[in-house]
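Q: Here it is: the structure, laid out below.
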Amino acid sequence: MDRPSFTVGIEEEYLVVDAETRDLVRTPDPGFLEACEAQAGERVTPEYLQCQVEVGTRPHESVGAAVDELRALRRGLAEAADGFGYRVIAASTHPFAKWRRQTHTRKARYDALRSDLGQTVRRLLICGCHVHVGIEDEDLRVDLMNQVAYFLPHLLALSCSSPFWEGEDTGLASYRLTVFDALPRTGLPDQLHSWSEYRRLADQLIAAGCIEDATRIWWDVRPSDKFPTLEQRVTDVCSRVRDAGAIAAVYQCLLAYLFRLRSRNQRWRLYPTTLVAENRWRAQRYGARGELVDHGRRRMAPIADLVEEVIELVSPEAEVLGCRTELLHARAIAREGGSAERQRAAYAAAREAGADSDAAMRAVVDRLAEEFLET
């Protein structure tokens, strides 16, 4: 079997906030999207809610190149927003905005979603990060999907950026998944044996009228219905671009590592979905400074220790793929904490300085806006 290209593309969803109130911009000026398109061209698109925008990089040979493009896209959107008195933040939930006050983008696809899914989609005030890695062989795509699912909780833990919801601390590092999991066809993927089995599953849902195409299968990792890629979707959007680079590097290297195992007639053990889902919940709850179950050893282990093990496993792949710097940044996230921890720290610091709860929430938004452009 030919070696896959392992190209990388990154998609991120952002929130548009008013620079003065720090609340979401419910209906942005019609010229705002045009200004974004002037900066980013076809790389930027509207999202389900009008207060959101999405960007997507081109496919790149290296994570570093993808992150460079992502950094430029962030700069362009921030410049466009500034002209309208807006700011852009990368967080999977807004610290205090109310979902009932938002308006959805009028497109046939979004109108159909709103009609079909009811309130579960109306409260979808969340943003994610999707990483595509080029796996050209279809059966290999499904095989690697089965194996890499074990590591999805690790990726989620490193990305968590949604601790607050409507002005309250949820106690979770990723509240986004609590909202998203209310939709059908989400969560961990089914364990499938081949591309044809995957297509039979998707085609049955299409034939029955449940979905219009396979893009409505919203698993945490899935074969893309648009590109020859395996698309990772479990992660929150990262507030800092270098954290997104670490997520992309870990995911790309894991797929290359699993391919190396396969080329030696080896594979990663497939665990029951319930066991992987336990770690998914723990990552959602505790984030980068939590613990996951090491299912091989049947004991809890700190995320930092598990990240070290992953780095050791995939270091040869990182050298070949040229993403060692980005991979090693995952160590810093596990040690220092991710966006969820920094948001809580910003809130606590504002409160200690005498701010009331509302002002402290606005301070969190300010911190996120600063991190959006951190290099």
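The values are calculated or read from the model by the stated rules, or taken from the named source; none is laboratory data. What you see is a predicted model, and the numbers here were worked out from it, not measured in a lab. Cβ placement follows ideal geometry from the backbone for every residue including glycine, while neighbour counts extend to all protein chains displayed.
Q: It is to be established whether one or more residues within the range 196-207 are assigned to a loop (DSSP other than H, G, I, E, B), in contact (Cβ under 8 Å) with a residue 12 or more places away in the chain and not aromatic (Phe, Trp, Tyr). First the steps, then the outcome.
A: Within the range 196-207, the first condition is being assigned to a loop (DSSP other than H, G, I, E, B), and the residues that meet it are none.
Within the range 196-207 (the criterion being assigned to a loop (DSSP other than H, G, I, E, B), in contact (Cβ under 8 Å) with a residue 12 or more places away in the chain and not aromatic (Phe, Trp, Tyr)), the answer is no, since none of the residues qualifies.
Q: Moving to a separate point now. Scan the range 1-19 for residues that are part of a loop (DSSP other than H, G, I, E, B), modelled with pLDDT of 95 or more and out of contact with any Gly (no Cβ under 7 Å at 6 or more places or on another chain) and jot them down. I'd like the intermediate steps shown before the answer.
A: Initially, the range 1-19 is screened for residues part of a loop (DSSP other than H, G, I, E, B), giving 1-7, 19.
Keeping just the survivors that are modelled with pLDDT of 95 or more gives 3-7, 19.
The answer is Arg3, and nothing else.
Q: Of all residues in the range 152-193, count the ones that are assigned to a loop (DSSP other than H, G, I, E, B) and of a type in the set (A, V, I, L, M, F, W, C).
A: As a first pass, look at the range 152-193 and keep what is assigned to a loop (DSSP other than H, G, I, E, B): 160-161, 163, 166-167, 170-173, 175, 181-185, 188-193.
Then keep just the ones that are of a type in the set (A, V, I, L, M, F, W, C); that gives 160, 172-173, 182-183, 188, 192.
Matching residues across the range 152-193 total 7.
Q: Given the residues Ala66, Ala35, which is the only one that is surrounded by 18 or more Cβ atoms within 10 Å (Cβ to Cβ), in contact with a Ser or Thr (Cβ under 6 Å, 6 or more places away or on another chain) and in a helix (DSSP H, G or I)? If you could, list the steps in order and put the result at the bottom.
A: Details: Ala35 fails: in contact with a Ser or Thr (Cβ under 6 Å, 6 or more places away or on another chain).
Unique residue meeting the criteria: Ala66.
Q: Here's another thing I want to ask about it. Just checking, which of Arg87, Arg109 is more than 16 Å from Val234 (Cα to Cα), without any contact (Cβ under 8 Å) to a residue 40 or more places away in the chain and among the basic types (Lys, Arg)?
A: Values: Arg87 fails: without any contact (Cβ under 8 Å) to a residue 40 or more places away in the chain.
Criteria check complete, one pass: Arg109.
Q: Determine which single condition Leu124 fails, assuming it passes every other condition in (1) surrounded by fewer than 24 Cβ atoms within 10 Å (Cβ to Cβ); (2) among the aliphatic types (A, V, I, L, M); (3) assigned to a helix (DSSP H, G or I).
A: Of the numbered conditions (1) surrounded by fewer than 24 Cβ atoms within 10 Å (Cβ to Cβ); (2) among the aliphatic types (A, V, I, L, M); (3) assigned to a helix (DSSP H, G or I), the odd one out for Leu124 is (3).
Q: While we're looking at this one, here's another question. Mind telling me which of the residues Asp143, Asp169, Asp137, Asp181 ends up being closer than 16 Å to Arg280 by Cα, modelled with pLDDT of 95 or more and either among the acidic types (Asp, Glu) or loosely packed, with under 15 Cβ neighbours inside 10 Å (or both)? Steps first, please.
A: Numbers: Asp143 fails: closer than 16 Å to Arg280 by Cα; Asp169 fails: closer than 16 Å to Arg280 by Cα; Asp137 fails: closer than 16 Å to Arg280 by Cα.
Residue meeting the stated conditions: Asp181.
Q: Could you check Tyr86 against (1) of a type in the set (Phe, Trp, Tyr); (2) at pLDDT below 95; (3) over 19 Å from Glu11 (Cα atoms) and say which number it fails?
A: Failing condition for Tyr86: (2).
Q: Okay, next question. Looking at (1) in a loop (DSSP other than H, G, I, E, B); (2) of a type in the set (Val, Ile, Thr); (3) surrounded by fewer than 22 Cβ atoms within 10 Å (Cβ to Cβ), can you tell me which one Thr45 breaks?
A: Of everything listed in (1) in a loop (DSSP other than H, G, I, E, B); (2) of a type in the set (Val, Ile, Thr); (3) surrounded by fewer than 22 Cβ atoms within 10 Å (Cβ to Cβ), Thr45 misses just condition (1).
Q: Checking Leu192 against (1) surrounded by 15 or more Cβ atoms within 10 Å (Cβ to Cβ); (2) within 29 Å of Gly64 (Cβ to Cβ): exactly one of these is not met. Which one?
A: Result: Leu192 passes all but (2).
Q: Right, another one. Starting from residues that are touching a His at 6+ places or on another chain (Cβ under 6 Å) and under 26 Å from Leu124 (Cβ atoms), keep the ones in the range 1-32 and report whichever is surrounded by the most Cβ atoms within 10 Å (Cβ to Cβ).
A: Leu15
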